[in-house]
Amino acid sequence: MSDKYRAIIGMEVHVELASKAKMFCRCDASHFQVEPNTHVCPVCMGLPGALPVPNEDGIKGVVKIGTALGCKINRVSKFDRKHYFYPDLPKGYQISQYDQPLCYSGEVVLASGKRVRIERVHLEEDTGKLVHREVDGKKVSLVDYNRSGVPLVEIVTKPDLESAQEAKEYLKLIHATVRYLGVSDADMEKGSMRLEANISVSKDGSLPPYKVEVKNVNSFRYIAAAIEYEIKRQIKLLERGETPKQETRGWSLEGRKTVSQRSKEEAKDYRYFPEPDIPPLNLSEDMIKDWSSEIGSTPMQMRDKLVKLGVRSDYVETVIYDKKTAVDVLELVEVAIKEGLEVNKVVGRVVNKGETGFDRGEVIRDVKEEEERSFADEGTVEEWIKQAISENEAAVADYRKGRETAVKFLMGQVMRLSKGEANPADLENKIKAKLDK
């Protein structure tokens, strides 16, 4: 990115809750690989006279997410109607939350210590889904309403992020958090978690009079690519003296670029008003306390615990995104400390081998045996690394294209050259350091 400009990025994440029933009716909430339009009823289809009744599991899930993100919880909240007209929205409005969300004012802390402010966490219902296919030789768009009414959480940040890398890290932490809590599988291939970025660029970091929203991206890699593309596109426009349009854009996988979809709506365009069929929510302190007590550690808390125990930050960032791995590593570190072992030797063995579901006793035993063995000196290992790199240009090229598995191959080459006399504990980092020079 040009030194003249700063990116200003806010994220909106939609997460489907793992509820058995939909948010405002008793229809089965499952919709992946289900016969179209079989999990529907007058309520989720918005037929006249149907009355929505909130699902307590949905409210509980949102309060858990909000609490895990350090949000304040609104004791009194309400639902609103958000109006817009799409074929996949049978009512012509979506039940959502506008000025009284369930949760607000939280934060996510990145590995750098940067704090990303959470503006709000609110509850709404999902829409249906358009299916594009060919029928009798004609291209048609069909609507499947099975997803209509499934409980959906929206997590909105302040525009605190400044790069695609920061956005990606933030999103991975949100993904891990909802999985730690067990409130969603957050499976992006199934659409259980959808990513949206609001992107602007300015010279002094102040918000310009426009923002571009990239909607409905379903992978960390693609959202990072979309943000990087959009930053470059907007800078080009600004350099030509033009102001980018306020609009919604999508990510084209084929073109590897963002493409315009429609002008960006403002809140006033949605004509919000209180949902007349659902009374305001009043949550008791005991209810909030009970739900919050079920949370356990979050990925950010797990990071703090491991760092305090002396685990290297790069190892920590490798293990905290999966709850089982993080818990297993924490227990492993506690045993290593009791046994008087260097914690990073122990954790490094697990991380460098990419092991999950490892046997703790076996790892401890192997590290002890390694410490009792004598290995070749540093200079000799350095020569083996140089030789492995010079003899394997294809692997070096793969690494420089971002293929981390190439390092594992080079590790194997060094171990072959050394006939087992190179200590594998820190070999990966040594090879990476040589390749990164």
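The values are calculated or read from the model by the stated rules, or taken from the named source; none is laboratory data. Computed from a predicted model, the values in this text were never measured in an experiment. No Cβ is skipped: glycine too gets one built from the backbone with ideal geometry, and neighbour counts run over all protein chains shown. SASA here: full protein model, heavy atoms, side chains in, ligands and nucleic acids out. Shrake-Rupley method; radii C 1.70, N 1.55, O 1.52, S 1.80 Å.
Within region 281-293, the only residue that satisfies the criterion of being in a loop (DSSP other than H, G, I, E, B) and surrounded by 12 or more Cβ atoms within 10 Å (Cβ to Cβ) is LEU283. As a summary of the residue check, THR243 satisfies the conditions (1) within 14 Å of THR258 (Cα to Cα); (2) touching a Leu at 6+ places or on another chain (Cβ under 9 Å) except for the one numbered (1).
Residue-level check: of (1) surrounded by 18 or more Cβ atoms within 10 Å (Cβ to Cβ); (2) small (Gly, Ala, Ser); (3) part of a loop (DSSP other than H, G, I, E, B), GLY10 misses just (3).
Only one of the numbered conditions (1) of a type outside the set (Asp, Glu); (2) open to solvent by 50 Å² or more (accessible area, probe 1.4 Å); (3) over 25 Å from GLN261 (Cα atoms) is violated by HIS132, and that is (3). The set of residues from region 397-422 being surrounded by 18 or more Cβ atoms within 10 Å (Cβ to Cβ) and over 30 Å from the mean Cα position of the chain (by Cα) comprises LEU410, MET411, GLN413, VAL414, SER418, ALA422. Criterion applied to ALA376, ALA394, ALA336 was being aliphatic (A, V, I, L, M) and closer than 30 Å to LEU306 by Cα, and the one residue passing it is ALA336. ILE337: open to solvent by less than 40 Å² (accessible area, probe 1.4 Å) and either within 30 Å of THR298 (Cβ to Cβ) or touching a residue at least 12 places away in the same chain (Cβ under 8 Å) (or both), yes or no? For ILE337, the condition - open to solvent by less than 40 Å² (accessible area, probe 1.4 Å) and either within 30 Å of THR298 (Cβ to Cβ) or touching a residue at least 12 places away in the same chain (Cβ under 8 Å) (or both) - is not met.
GLN234 falls short on exactly one of the conditions (1) modelled with pLDDT of 95 or more; (2) touching a Ser or Thr at 6+ places or on another chain (Cβ under 9 Å); (3) open to solvent by 20 Å² or more (accessible area, probe 1.4 Å); (4) more than 25 Å from GLU107 (Cα to Cα), and that condition is (3). Is it the case that region 55-71 has a residue that's surrounded by fewer than 22 Cβ atoms within 10 Å (Cβ to Cβ) and touching a Lys or Arg at 6+ places or on another chain (Cβ under 8 Å)? Yes, region 55-71 has at least one match. Pairing residues of region 416-436 that are under 19 Å from VAL351 (Cα atoms) with residues that are among the small types (Gly, Ala, Ser) and open to solvent by less than 20 Å² (accessible area, probe 1.4 Å), at Cβ distances under 7 Å and at least 6 apart in sequence or on separate chains, gives ALA425/GLY348; ASP426/GLY348.
Would you say LYS236 is without any contact (Cβ under 8 Å) to a residue 24 or more places away in the chain, over 22 Å from the mean Cα position of the chain (by Cα), assigned to a helix (DSSP H, G or I) and over 20 Å from GLU162 (Cβ atoms)? In short, no.
Only one of the listed residues (GLU275, GLU247) is open to solvent by less than 30 Å² (accessible area, probe 1.4 Å) and under 21 Å from LEU123 (Cα atoms). That residue is GLU275. Restricting region 312-333 to residues that are in a helix (DSSP H, G or I) and among the acidic types (Asp, Glu) leaves a set whose member that is surrounded by the most Cβ atoms within 10 Å (Cβ to Cβ) is ASP328.
Evaluate region 104-111: report whether one residue or more is part of a strand (DSSP E or B) and closer than 26 Å to CYS27 by Cβ. There is no residue in region 104-111 that is part of a strand (DSSP E or B) and closer than 26 Å to CYS27 by Cβ. Here GLU370 clears all of (1) open to solvent by 40 Å² or more (accessible area, probe 1.4 Å); (2) assigned to a helix (DSSP H, G or I); (3) of a type in the set (D, E, K, R) except the condition numbered (1).
Taking the criterion of being open to solvent by 10 Å² or more (accessible area, probe 1.4 Å) and not in a strand (DSSP E or B), the residues of region 112-129 that qualify are SER112, GLY113, LYS114, THR127.
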